[in-house]
Amino acid sequence: MAAIELKYGVEKQQAEVPWAFLSLEPKKLDVGVADELIRNALRQPIGSPPLEQIVQPGESVLIVTSDITRYTGSELYLPILVEELNRIGIADEQISVLVALGIHRKQTVAEHQKILGSLYGRINVFDHDCDDPGQLVELGQTDSGFSVQLNRRAVSADRLIVTGTIGFHYFAGFGGGRKGLVPGIAGRKTCMQSHFAVFNPPEVGGKHPRAITGSLAANPVHQALLQAARLAKPDFLLNTVLSPQKELLAVFCGDLEQAHLSGCDLVRDLFQAQLEQAADLAIISCGGEPKDINFIQSQKALDYGCRAVREGGTIILLAACRDGFGHPTFFDWFRYQDLDEFETALRADYQINGQTAHATLHKARRFRVILVSEFSAEQTAMMGMKKAVDLHAAIDLARADLTDNAKVVVIPDGGTVLPTVSEKG
């Protein structure tokens, strides 16, 4: 037996694994000096002039950044970004930060402090509210016919800078880039309509085959988000790529699309893990907080990790979820236990959280999922999963259905790593 130690919230859990196993981890990339990575990226933007050729002295600048559910390194890059704007001739009073909540909850004072770092108390910070009409302005329609409403502060600022981090996304292909604007600072209706592209037309049914993790080509959700985001006419992008330990690996600056695509290429190279054969069991940690701060965030690790497992195989998922489900309406969707009925209800009243719940239940029906979390056994069962009190108990549950020579993988950072099976087992 070999012992494993996996992150669970802000703690770790240990257990003995009674099988030989393969650990799926990202490629190693030397961690540079964060300060230098940020400054070099600002000096050498991709597909765009540097900021000093875009921003004029005296202009107002709004910087969009992610909320606490997505660590981006904002406390590192925001002070340097503001320093660069100061150098150009933009005073602190002309700079503000808008937290891209999407449809998430407002941030606490402590969370604002964590996001802004040394800038807190010096630069104005605002939370986006997708349900406040006074905060929103209509920018037009996309080719697919949905209206785009974005935060008024972002649209009215002389210059708009979008920041965030790039990682895999389970149906938009990758996070970062355009997602900082849509759904980040979009109205609720825009958020829902853009994400509805995950579905095929009703006469076909089901999920669109290109709305998948790690793919942007012909991905209808990516295309909808990008077109909607462009209506805001962002001036500059700063996106980070982080290690599972939250270290800054790379920074990409410049054009909204071109700089983002360059970052996606690096993420694909670093965090895609190749398997020759599908496993019987995957033991997955989301990677600790904030990747398992709530279930909506945690399910990304489930989505990625199930790609390593044969149909009908077993998954153990460690996801503390100290903030619960992540949205008040998420768990309500599990009143639909028939997947066809669930999809019909989503098409009639699409909600992003409903889509996440549907995807969760779909995976729970394809695999045996054992969840280690703070949820009750009853809540876990409604999501189609089996509760285990800890990692040791989960392994005992899994062992009952597996042989001694079962193929097993361990994924310590399931919210980051995307397994790919070259030949289905």
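A short reminder: the numbers here are calculations on the coordinates, not readings from a lab. Not measured: the values here are computed from a predicted model. Cβ coordinates were reconstructed from backbone atoms using ideal geometry, including for glycine residues, and neighbour counts include every protein chain displayed.
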**Q.** Farthest positive-ward along the chain dipole, Cα basis, beta-carbon charges - from 73, 342, 409
**A.** 342
Q. So in segment 34-242, what percent of DSSP beta bridges are antiparallel if you round to the nearest 5?
A. 30
Q) How large is the charge dipole for segment 34-242, taken about the Cα centre, if only the Cβ atoms of Lys, Arg (+1) and Asp, Glu (-1) carry charge, to the nearest 20 debye? A) 520
(Q) If you fit an axis through the alpha-carbon atoms of helix 34-43 and take the longest principal axis of the Cα set of the chain, what angle between them do you get, 0 to 90°, nearest 10? (A) 50
Q | Nearest-20 debye value, segment 287-363 charge dipole, Cβ charges on Lys, Arg, Asp, Glu | A | 300
Q: Starting with the fewest neighbours, write out 166, 103, 4, 370 ranked by other beta-carbon atoms found within 10 Å of each beta-carbon.
A: 4, 103, 370, 166
(Q) Positive end of the dipole of segment 34-242, charges at C-beta (+1 Lys, Arg; -1 Asp, Glu), about the Cα centre: which of 204, 82, 50 has its Cα farthest in that direction? (A) 204
Q: Rounded to the nearest Å, what's the spacing between the alpha carbon centres of segment 82-101 and segment 52-69? Just the number, please.
A: 5
(Q) Multiplying the sequence separation of residue 16 and residue 126 by 0.36 nm and subtracting their Cα-Cα distance, what value in nm do you get? (A) 34.9 nm
**Q.** Charged-residue dipole, Cβ positions (Lys, Arg, Asp, Glu), segment 331-372 about Cα centre, Debye nearest 20
**A.** 300
**Q.** With Cα atoms, 0 to 90° folded angle of helix 352-366 axis to the chain main axis
**A.** 20
Q.
Please compute the contact order of segment 34-242 in relative form: average sequence separation of alpha-carbon pairs under 8 Å and at least six residues apart, divided by the residue count, as a percent.
A. 22
Q: As a check on your grasp of the helix formula, calculate [θ] at 222 nm for the chain: sum -39500 (n - 2.57) over DSSP H runs of n ≥ 4, divide by the residue count, round to the nearest 500.
A: -8500 deg cm²/dmol
Q: Could you tell me how many degrees, from 0 to 90 and to the nearest 10, lie between the Cα long axis of helix 74-88 and the main elongation axis, the longest principal axis, of the Cα atoms of the chain?
A: 20
Q) Label residue 152 and residue 381 with points 7 Å out from Cα along Cα→Cβ: what is the distance between them in nm? A) 5.0
Q.
At 0.36 nm per residue, and after removing the present C-alpha to C-alpha distance, how many nm does the segment from residue 39 to residue 118 gain when stretched out fully?
A. 26.7 nm
Q | Given 114/207; 7/407; 28/386, the pairs whose alpha carbons are separated by over 30 Å | A | 114/207; 28/386
Q: Return the distance in nm (one decimal) between the two label points of a simple spin-label model at residue 405 and residue 258, each offset 7 Å from Cα along Cα→Cβ.
A: 5.5
Q: Could you point to the label whose value was computed as log10 I(q)/I(0) by the Debye sum over Cα atoms at q = 0.07, 0.14 Å⁻¹ for the structure here, given [x] -0.59, -1.26; [y] -0.34, -1.42; [z] -0.33, -1.29?
A: [z]
Q) Suppose R0 equals 51 Å; then what is the FRET efficiency for residue 337 and residue 28 from their Cβ-Cβ distance, rounded to the nearest 0.05? A) 0.70
Q. Lys/Arg Cβ at +1, Asp/Glu Cβ at -1, dipole of segment 300-422 taken about the Cα centre: which of 312, 393, 333 is farthest positive-ward?
A. 312
(Q) Show me the GluC sites (Glu not before Pro) within segment 329-425 that DSSP assigns to loop and that have at most 11 other Cβ atoms within 10 Å of their Cβ. (A) 423
Q. Taking the simple approach of a point 7 Å from Cα along Cα-to-Cβ for both residue 217 and residue 322, what is their distance in nm?
A. 4.2
